[in-house]
1. List the number of the failed condition for Trp195; all other conditions in (1) part of a loop (DSSP other than H, G, I, E, B); (2) closer than 24 Å to Tyr98 by Cα hold.
2. Cβ-Cβ distance below 6 Å, separation of 6 or more or different chains: which pairs start in the stretch 199-220 with a residue that is among the charged types (D, E, K, R) and end on one that is in a loop (DSSP other than H, G, I, E, B) and buried (at least 21 other Cβ atoms within 10 Å of the Cβ)?
3. Scan the stretch 221-237 residue by residue and report those that are in contact (Cβ under 8 Å) with a residue 60 or more places away in the chain and either touching a Pro at 6+ places or on another chain (Cβ under 8 Å) or closer than 12 Å to Asn267 by Cβ (or both).
4. Specify the residue that is farthest from the chain's Cα centre (by Cα); the eligible residues are those in the stretch 200-217 that are hydrophobic (A, V, I, L, M, F, W, C) and closer than 15 Å to Leu283 by Cβ.
5. Which members of the stretch 200-236 meet the condition of being acidic (Asp, Glu) and in a strand (DSSP E or B)?
6. Go through the stretch 1-30 residue by residue and tally those that are over 30 Å from Ala80 (Cα atoms) and either in a helix (DSSP H, G or I) or among the acidic types (Asp, Glu) (or both).
7. Taking the stretch 139-182, which residues are hydroxyl-bearing (Ser, Thr, Tyr) and either surrounded by 14 or more Cβ atoms within 10 Å (Cβ to Cβ) or at positive phi (or both)?
8. Could you tell me whether Thr240 is of a type in the set (Val, Ile, Thr) and closer than 27 Å to Thr42 by Cα?
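No value in this document is a laboratory result; all are computed from the given coordinates. Since the structure is predicted, the reported quantities are computational estimates derived from the model, not experimental observations. Because the Cβ atoms are built from the backbone with ideal geometry, glycine has one as well, and the counts that use them run over all protein chains shown.
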Amino acid sequence: MSVQDQLLVRHPANPILTREAWPYPVNTVFNPGAVRLADGSTLLLCRVEDLRGHSHLCAARSQNGVDGWHIDPHPTLAPAVDTHPEEVWGIEDPRITYVEELRQYVVAYTAYSRGGPGVSLALTADFRTFERIGSVMSPEDKDAALFPRRLGDYWALLHRPVGSIGAHIWLSFSPDLRHWGSHRLVLPARRGAWWDANKIGLCTPPIETERGWLLLYHGVRQNASGCLYRLGLALMDRNTPERCLLRGDSWIFGPQAPYEQHGDVKNVVFPCGFTLDPDGDTLNFYYGGADTCIALAQGSIRCMLAWLDHHGSPPDRWD
């Protein structure tokens with residue numbers, strides 16, 4: 001068994017959700033945000049692509065987080081084009097953070113405007129009604145998630161703008177969730193032949209541990225057959241998360257199963273959400289396979305931190 005197989009283990013029931021489960025016609029279901037609700041059940045806020053190619057978000061609920069899914073009969077959060085024209089071509093890839101101070105969930109998602117993808121936020125207490133904050137990062141920007149509590153006096157948001165020198169993970173701050181600034185580059189894509197060269201992005205919301213914030217991120221490598229999406233780990237300082245302590249030298253999870261290698265976009269594993277088991281260690285990562293279906297992989301915080309200690313490097317060794 002390889003190191004990668006030890007860190008994230010695919011559930012034998014994979015894929016756990018496909019378009020055949022949907023109560024209305026769709027093309028694909030993938031890239032869900034995830035939360036464990038107060039009653040112990042799991043809610044996935046799934047990206048659903050319709051037959052036009054536009055996406056919306058739809059909730060699926062399960063008592064055990066694996067099967068027996070109850071799916072909303074209609075889109076849970078659909079583009080609101082009349083009031084939010086930045087959503088004209090759909091909304092995608094939600095990351096969900098429960099914020100105790102607000103007693104609500106904050107959903108960070110990609111709003112696909114005519115100018116390209118940007119970051120939007122919405123608040124909800126029940127995943128039935130939503131208060132849209134609207135666009136907070138202009139195109140091209142995506143792969144965003146909010147930290148679950150203020151850092152000092154400010155909210156903090158990880159996101160991935162695209163610039164002339166590549167696509168990297170940035171951190172921004174806000175006093176009110178609406179006005180954002182103090183933008184800082186926190187995790188750059190590497191260069192050259194690295195597995196995560198030139199383009200990276202956040203996967204799930206940051207995971208708070210005693211040692212710092214654990215980040216699961218994706219790296220995109222171009223090869224002769226197209227793009228290859230794989231996952232890596234980084235550890236950020238707990239009090240100043242703009243400071244990276246360790247970053248894995250190698251990827252930990254890549255497309256190997258047929259439902260990850262074949263689909264609308266081949267060779268993609270893309271988690272947007274996780275839940276934490278009552279043991280405080282077991283993570284359940286919900287991910288999109290080949291932009292076509294939803295699958296589940298499980299890992300351990302303790303094992304991931306130990307792996308970073310042995311296979312990670314500080315910033316001065318990323319070249």
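1. Answer for Trp195: the failing condition is (2).
2. Lys199/Ala189
3. Leu231
4. Trp213
5. Glu208
6. 5
7. Tyr154, Ser172, Ser174, Ser182
8. Against the criterion (of a type in the set (Val, Ile, Thr) and closer than 27 Å to Thr42 by Cα), Thr240 does not qualify.
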